[in-house]
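*Asks:* Pasting in a structure now, in structure tokens, and then I'll have a few things to ask.
The values are calculated or read from the model by the stated rules, or taken from the named source; none is laboratory data. Owing to the predicted nature of the structure, the values given are computational and were not obtained by experimental measurement. Please note: Cβ atoms are built from the backbone with ideal geometry, for glycine as well, and neighbour counts cover all protein chains shown. Heads up: the accessible areas ignore ligands, DNA and RNA and are worked out on the full protein's heavy atoms, side chains in. Shrake-Rupley method; radii C 1.70, N 1.55, O 1.52, S 1.80 Å.
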Amino acid sequence: MSLKRTASSVSTAAPDTLSPLARKTLRRLNDAFESGQTGAMPEIVQTVRKLSGQIATVSIQDLSEIIERDPSVTEKVISAANTFGYNPSGIEIATINEAIHTVGFDRIRNLTLTVMLAQNAGKGLDSEQQREMAALSVCSGMLAQNLVSGSEMFSADPDLAFVSGSLRNYGKLLIATYFLDEYKQARELSQRGDNDAAYHEIFGLTPLELGHTLLLSSNLPDVIMHSLEKLPKEKLARSAQSESEEILISAEFCVKVCELTFDETLNPDQFKSELGALVNMFGDSLPIDLDSVLEGLEKVDSSMSQLNEVIGIKSKDSPANRALRARLDGRSVRAAASSRSGKSIGIGKPNTGLERDLNDILEEMLESEEPLDDEQVKKLYQSLNCAIAAELSIECCMTFLEDQENSRTVRFSARHGTGPLYERIKNRPLVSSDNSDIFSICLARGEDILIQEANAGKIAKVIPEWIHDKGEVNSLIILPASLNKKLFAIFLGVRSDGSPIEIEPATHQRFRQLRTQLAKMQSRR
């Protein structure tokens, strides 16, 4: 199927539905495609078109030939097919034909589409917008497949859900490739008002309409073509009545979820709120809830990580993995341009302020691969104490580091911190393996400790006197950080206003991520 034949056949079939501007867009797209513009992108566009356009009729031999035209894709598909997730029996796979017979025709077809999209989502395309659209496509397809396969209440075929979820972004993928400047203009316009109206003003049709129009003369099954249509709002008021409706609604829902996930303008609370609203909006038509969606995103993140390993892309270079991991950990999504700039991330720089959000510090730590010098470590811990105090709404937070001395006794002193307690006890070796107090439990077991009533009964007896001084502390939290089961830092936070220290699930995840990254940094020193 060529774009030229598609455009003309559509125009003949529906002369009253395409505006002059829409016809112009189709002609320009055809000319750009035929001339082989934009380097790497025609390869993936052609593969997507061939795999999708012939989905109902392509033979095993045809599929093998399509895949084997690109040795790089062939290698990665075979490598992925040999992994446990696709090949739990461990049968050695050396060719595409063997992969198809062992793993299955549909799964290898989908795996090829996934590898192509994931590969170009991580690198190789000309712009961040193209990579974003490729990532959005593969993640939307994966999420739709996971949701449909994860519940017996769905009647749809998970493989059809994958193809439909991926192809629903087909038009936007093409626009971002061939009309990048106008695509940016349309996105800017859409932020001021109606999204569809913005694309109609620039292109004469929406990305969804463009994708549907281009694939009208293909051999796609009706259920997939139906999934490329606009979703009528009235369908959301009742349960899906057929497999076709399930596929359509699931594809639209998964695209919207992934768009939210990648939206860097949303902070964690806004993302959580909008995701909840989206689940409520689609909850009457699909058997979904917030937990099943988050579980689906976890599976997408895992699948993308495995694919990226096969493809040879680091997670930090994958916009999909960065966004997914940030959202699942309750963090904000860092601007992709700054994460790919190659510049120092700024941990501990003199011009980096201490009053920073814990999410921001975590994101910098996630992307840091260079060892930090002593001054940078000092500023990092100082920033972390301020951020943890703000996260927990407490007045004091400090970091105890091990004293380097030739002794069998392990001692830690408060080297960095904020608040009146820290100012009183800083640099004193008050945490010791010789003491019998709450810290000795921490030193022995390396476990987190949260005490809400430090002055109550038996608890008061294991609280060190330097914490009880003046009777200020009512509640406290101890967060140890270890490397290879050996503690290297202990965070202590205290609260004195009588209120408990409350830890939300997202905060707990951030603390866990924080100590994982600190251990990695410690190993590089």
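*Asks:* Using the structure shown, decide if residue 508 is at pLDDT 80 or above, open to solvent by 40 Å² or more (accessible area, probe 1.4 Å), part of a helix (DSSP H, G or I) and not acidic (Asp, Glu).
*Replies:* Taking the combined requirement at face value, the residue satisfies it.
*Asks:* Among 244, 239, which is hydroxyl-bearing (Ser, Thr, Tyr) and part of a helix (DSSP H, G or I)?
*Replies:* 244
*Asks:* Run residue 433 past the list (1) in contact with a strand residue (DSSP E or B) (Cβ under 6 Å, 6 or more places away or on another chain); (2) modelled with pLDDT of 85 or more and report the number of the one that doesn't hold.
*Replies:* Among (1) in contact with a strand residue (DSSP E or B) (Cβ under 6 Å, 6 or more places away or on another chain); (2) modelled with pLDDT of 85 or more, residue 433 violates only (1).
*Asks:* Scan segment 482-497 for residues that are more than 21 Å from residue 423 (Cα to Cα) and not in a strand (DSSP E or B) and report the count.
*Replies:* Within segment 482-497, residues that are more than 21 Å from residue 423 (Cα to Cα) and not in a strand (DSSP E or B) number 2.
*Asks:* If a residue has to be under 20 Å from residue 384 (Cα atoms) and exposed (fewer than 13 other Cβ atoms within 10 Å of the Cβ) to count, how many in segment 429-482 make the cut?
*Replies:* Counting residues in segment 429-482 that are under 20 Å from residue 384 (Cα atoms) and exposed (fewer than 13 other Cβ atoms within 10 Å of the Cβ) gives 1.
*Asks:* Among the listed residues 136, 117, 143, 113, which satisfies the condition of being at pLDDT 90 or above and assigned to a helix (DSSP H, G or I)?
*Replies:* Answer to the check: 143.
*Asks:* Can you pull out every residue in segment 75-85 that is modelled with pLDDT of 70 or more and part of a loop (DSSP other than H, G, I, E, B)?
*Replies:* 82, 83
*Asks:* Would it be correct to say that residue 227 is open to solvent by 20 Å² or more (accessible area, probe 1.4 Å) and out of contact with any Cys (no Cβ under 9 Å at 6 or more places or on another chain)? Quick ask: steps written out before the conclusion?
*Replies:* Details: open to solvent by 20 Å² or more (accessible area, probe 1.4 Å): no; out of contact with any Cys (no Cβ under 9 Å at 6 or more places or on another chain): yes.
So residue 227 does not fit the description; no.
Here's the yes/no breakdown for (1) under 36 Å from the mean Cα position of the chain (by Cα); (2) without any contact (Cβ under 8 Å) to a residue 40 or more places away in the chain:
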position	(1), (2)
360	yes, yes
373	yes, yes
382	yes, yes
391	yes, no
399	yes, no
411	no, yes
419	yes, no
431	no, no
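*Asks:* Checking the condition of a type in the set (Asp, Glu), more than 19 Å from residue 290 (Cβ to Cβ) and open to solvent by 10 Å² or more (accessible area, probe 1.4 Å), which residue from 243, 252, 259 passes?
*Replies:* Working: 252 fails: more than 19 Å from residue 290 (Cβ to Cβ); 259 fails: more than 19 Å from residue 290 (Cβ to Cβ).
After ruling out the rest, the residue left standing is 243.
*Asks:* Which of the residues belonging to segment 408-417 are modelled with pLDDT under 90 and open to solvent by less than 40 Å² (accessible area, probe 1.4 Å)?
*Replies:* Within segment 408-417, 409 is the sole residue that qualifies.
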